[in-house]
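Peer 1: Quick one: the structure is below, questions incoming.
The values are calculated or read from the model by the stated rules, or taken from the named source; none is laboratory data. What you see is a predicted model, and the numbers here were worked out from it, not measured in a lab. Backbone-built Cβ (ideal geometry, glycine too); neighbour counts: all protein chains shown. In case anyone asks, the SASA skips ligands and DNA or RNA and just uses the protein heavy atoms, side chains included. Shrake-Rupley method; radii C 1.70, N 1.55, O 1.52, S 1.80 Å.
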Amino acid sequence: MATINLKLEIWRQKNTDSLGQLESYELENISTDSSFLEMLDVLNEKLTHEGKEPVAFDHDCREGICGMCGAVINGIAHGPEKEITLCQLHMRNFSSGDTIVIEPFRSKAFPIKKDLMVDRSALDRIIQAGGYVSTNTGAAVDGNSIPIPSQVAELAMDAAACIGCGACVASCPNGAAMLFTSAKISQLSLLPQGQPERKTRAISMIETMDREGFGSCTNERECEAVCPKGISIRNIAIMNREYLKAILTEG
Ligand code: SF4
Ligand code: FES
């Protein structure tokens, strides 16, 4: 089993109101087969054993599905590998002697709760503002009874892949949540089930996004570059069209 020795610089912060700072740690004999979160588990066991406070970080599925994990690794949200979440990053991507800087997802709308944990509930409130279908569609219908062109189905499925991790927000110099919001608006605007609330959804979700303190898009494309699910900024163009159409016709 190959192992590596690492120096870690980790952001430590007691709570939202306190000041934080980077603290240094050394870890030896980390298996290159372990995941990044398992490496943090090893560190936390060591810290606990030494009677020190373990590093707080969010995680749940550890399979790239739930969207709970996330940190900025050497300046890149979710780390250096394309289209994966932090829990899917493995230590074989690092070399012995490396220094790894680990920071929380920073953004005005994501207050730091503790260490690497940030409050991403602003994203939940955007979804609560319209990211659902409230029409009672009854029991599940036969697969082919509502024909949807395969190209449209593909676009909707691609947008539906968003797991709400917030890496797009953390990477955007404007702290915008436009990739996240547009993924949901775009997905539902493409499907028949999304039509009844199409206009009110676009207006309500975008207004909530603004109210929550997220910035605006200036086409930096940093969001798309770090998104673990490959969500395209094409969805932002769809969202802007949806919003324009909605305000022009809804008044
Ligand atoms: S758009 Fe991508 S980066 Fe943003 S919340 Fe969804 S999955 Fe995460
Ligand atoms: S812990 Fe669920 S996506 Fe990483």
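Peer 1: In contact with a Pro (Cβ under 9 Å, 6 or more places away or on another chain), within 15 Å of ligand 1 (Cβ to nearest atom) and assigned to a loop (DSSP other than H, G, I, E, B) - does that describe any residue in region 87-98?
Peer 2: Yes, region 87-98 has at least one match.
Peer 1: Is it fair to say residue 35 is within 16 Å of ligand 2 (Cβ to nearest atom) and either farther than 28 Å from residue 209 by Cβ or among the charged types (D, E, K, R) (or both)? Let's see the steps before the verdict.
Peer 2: Details: within 16 Å of ligand 2 (Cβ to nearest atom): yes; either farther than 28 Å from residue 209 by Cβ or among the charged types (D, E, K, R) (or both): yes.
Against the criterion (within 16 Å of ligand 2 (Cβ to nearest atom) and either farther than 28 Å from residue 209 by Cβ or among the charged types (D, E, K, R) (or both)), residue 35 qualifies.
Peer 1: Here's something else I'd like to know. Only one of 156, 167, 177 is in contact with a helix residue (DSSP H, G or I) (Cβ under 6 Å, 6 or more places away or on another chain), closer than 21 Å to residue 125 by Cα and more than 16 Å from ligand 2 (Cβ to nearest atom). Can you tell me which?
Peer 2: Numbers: 156 fails: closer than 21 Å to residue 125 by Cα; 167 fails: more than 16 Å from ligand 2 (Cβ to nearest atom).
The unique qualifying residue is 177.
Peer 1: Right, another one. Within the bounds of region 32-54, is there any residue that is open to solvent by 20 Å² or more (accessible area, probe 1.4 Å) and within 16 Å of ligand 1 (Cβ to nearest atom)?
Peer 2: Looking for residues that are open to solvent by 20 Å² or more (accessible area, probe 1.4 Å) and within 16 Å of ligand 1 (Cβ to nearest atom), one finds none in region 32-54, hence no.
Peer 1: List every residue pair whose Cβ atoms lie under 7 Å apart, where the two residues are 6 or more positions apart in sequence or sit on different chains, the first residue falls within region 38-55 and is under 19 Å from residue 3 (Cβ atoms), and the second residue, located anywhere, is open to solvent by less than 70 Å² (accessible area, probe 1.4 Å) and among the hydroxyl-bearing types (Ser, Thr, Tyr).
Peer 2: If the second residue must be open to solvent by less than 70 Å² (accessible area, probe 1.4 Å) and among the hydroxyl-bearing types (Ser, Thr, Tyr), the pairs left are 43/25.
Peer 1: Sort out which residues of region 182-204 are under 17 Å from the mean Cα position of the chain (by Cα) and aliphatic (A, V, I, L, M), and write them in order of number.
Peer 2: 183, 185
Peer 1: Follow-up. Among 167, 183, 177, 202, which is out of contact with any Ser or Thr (no Cβ under 7 Å at 6 or more places or on another chain) and either more than 15 Å from ligand 1 (Cβ to nearest atom) or open to solvent by 40 Å² or more (accessible area, probe 1.4 Å) (or both)? Spell out the reasoning first.
Peer 2: Values: 167 fails: either more than 15 Å from ligand 1 (Cβ to nearest atom) or open to solvent by 40 Å² or more (accessible area, probe 1.4 Å) (or both); 183 fails: either more than 15 Å from ligand 1 (Cβ to nearest atom) or open to solvent by 40 Å² or more (accessible area, probe 1.4 Å) (or both); 177 fails: either more than 15 Å from ligand 1 (Cβ to nearest atom) or open to solvent by 40 Å² or more (accessible area, probe 1.4 Å) (or both).
That would be 202, the only listed residue that is out of contact with any Ser or Thr (no Cβ under 7 Å at 6 or more places or on another chain) and either more than 15 Å from ligand 1 (Cβ to nearest atom) or open to solvent by 40 Å² or more (accessible area, probe 1.4 Å) (or both).
Peer 1: Now, a different point. Between a first residue in region 165-187 that is at positive phi and a second residue that is open to solvent by less than 10 Å² (accessible area, probe 1.4 Å) and near ligand 1 (Cβ under 8 Å from one of its atoms), which pairs have beta carbons less than 7 Å apart while being 6 or more apart in sequence or on different chains?
Peer 2: These pairs meet every condition: 166/123; 175/169.
Peer 1: Please pick out the residue among 207, 212, 220 that is in contact (Cβ under 8 Å) with a residue 40 or more places away in the chain, of a type in the set (Asp, Glu) and crowded, with 16+ Cβ neighbours inside 10 Å. Step through it out loud before you land on a result.
Peer 2: Values: 207 fails: crowded, with 16+ Cβ neighbours inside 10 Å; 220 fails: crowded, with 16+ Cβ neighbours inside 10 Å.
Matching residue, one of 207, 212, 220: 212.
Peer 1: Tell me which residues, restricted to region 66-86, are more than 12 Å from the chain's Cα centre (by Cα), open to solvent by less than 50 Å² (accessible area, probe 1.4 Å) and touching a residue at least 40 places away in the same chain (Cβ under 8 Å).
Peer 2: Quick first cut of region 66-86, residues more than 12 Å from the chain's Cα centre (by Cα) only: 73-76, 79-82.
Those left that are additionally open to solvent by less than 50 Å² (accessible area, probe 1.4 Å): 73, 79.
Hit for region 66-86 is 79, nothing else.
Peer 1: Let me ask something additional. Please indicate, with yes or no, whether at least one residue in region 18-26 is buried (at least 18 other Cβ atoms within 10 Å of the Cβ) and of a type in the set (A, V, I, L, M). If you could, list the steps in order and put the result at the bottom.
Peer 2: Taking region 18-26 first, the residues buried (at least 18 other Cβ atoms within 10 Å of the Cβ) are none.
The answer is no, given that none of the residues of region 18-26 is buried (at least 18 other Cβ atoms within 10 Å of the Cβ) and of a type in the set (A, V, I, L, M).
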